[in-house]
Amino acid sequence: MPLPLYLLAMAVFAMGTSEFMLAGLLPDIASDLDVTVGTAGVLTSAFAIGMIVGAPLVAALARNWSRRLSLLGFIVTFAAAHAVGAVTTSFPVLFATRVVAALANAGFLAVALTAAATLVPPHKKGRALAVLLSGTTVATIAGVPGGSVLGALLGWRATFWAVAALCVPAALGILRGIPAGRVKEEATGGPALRGELAQLAKPKLIVVMLLGALVNAATFASFTFLAPVVTDTAGLTELWISVALVLFGAGSFAGVTVAGRLSDQHPGPVVAVAGPLLLIGWLALALLADKPVALLALVFVQGALSFALGSTLITQVLYEAAGAPTMAGAYATAALNVGAAVGPLIAAATLNTAVADIGPLWSSAFLVAVALFIAFPLRTVIADGRSTEALQ
């Protein structure tokens, strides 16, 4: 894999750390800025919504920009938003910085996904995507727990400064390693924006985007509310929350790495195997969450299966959107973040029911079951693998 892919992954690591880190910082932010924890929680929603809206919008605006300058501009804006967030004493200003950071993140990821696909031969898109997404999985292994520790020792503002600092080497790497050509000029045939948007009418593209969103919704439904499962249901101390997060991140790294070697040529078998196993895993986790050893083992397994299946589906989005070379990354980003926004909302609705803390685990099982219900009649279509357009 070419070096620029790893430079992009470094930036994705910084952005992934920012997206996930607020879960452990909300109480301190709420106390410092004199708002309730519930009010501080809207910072997470603001980021997710900004990602959903920003991905297609910013990608469309960036079509005629230099790919290198687009990525550099997005990451500098992202870093600046965190620097402002680190010094502000106003909650509305902090809220605004999260929206700006989300828009920059969405634009960066949309362009980066497309860039990653152009840096490798057409039949290696899955492996390129795996390298790029490894930034997110490493963020869950090291970035998020590290951010929590840093926040506990030096305050939540230090974590914001750390994320801004992580952007500096990534920006320098992008400046040196990414070609300067325009996005549209690098796209095969340079189709008009209207033609790229018309790709959304393709049934298979809609299906794989929907499946990717459902699987990611299941992932975030449980990941967001993993802490109370660890401490209340399993009866472990708060220290084990970080252990569980690291195990989930390690599993996700393993899953995306293995799937990256299979998803280009064999997407059907990956979906056929990982899908049912993921459903069984969520059911098992819901039933065995009160047993610490089983909980920690299954957290690793579910991280691996979730990212193996999710990355395979998102790779198929890139293949099916081959006729939209400058917007394909935006479609993939939007699908991922629709799931990231909807999953926690569904899970949250179960917390005050009879299932209480394990409600999110049942929610994840339900969402994967819906995905399998949709995918089963179309299994032969998905098994076809690469879109023929992707090979042209």
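Each reported figure results from applying straightforward, stated rules to the coordinates on display, with no laboratory input. For clarity, every value in this text was computed on a predicted model and none was experimentally measured. All Cβ positions, even for glycine, are placed from backbone atoms using ideal geometry, and neighbour counts span all protein chains on display.
With the largest listed first and rounded to whole Å, the semi-axes of the equivalent ellipsoid of region 218-345 from the Cα gyration tensor are 29, 16, 11. Figure legend: label point modelled 7 angstrom from the Cα of residue 243 along Cα→Cβ; residues of region 195-233 with amide N under 17 Å from it are 226-233. Taking 0.36 nm per residue of separation and subtracting the current Cα-Cα distance, fully stretching the chain between residue 31 and residue 373 would add 118.7 nm.
Of interest is the spacing of the C-alpha centroids, which for region 71-100 and region 309-339 amounts to 27 Å. Placing dummy labels 7 Å off each Cα toward the beta-carbon, the span from residue 280 to residue 69 is 5.4 nm. Summarising the label geometry, the points placed 7 Å from Cα in the beta-carbon direction at residue 6 and residue 96 lie 4.0 nm from one another.
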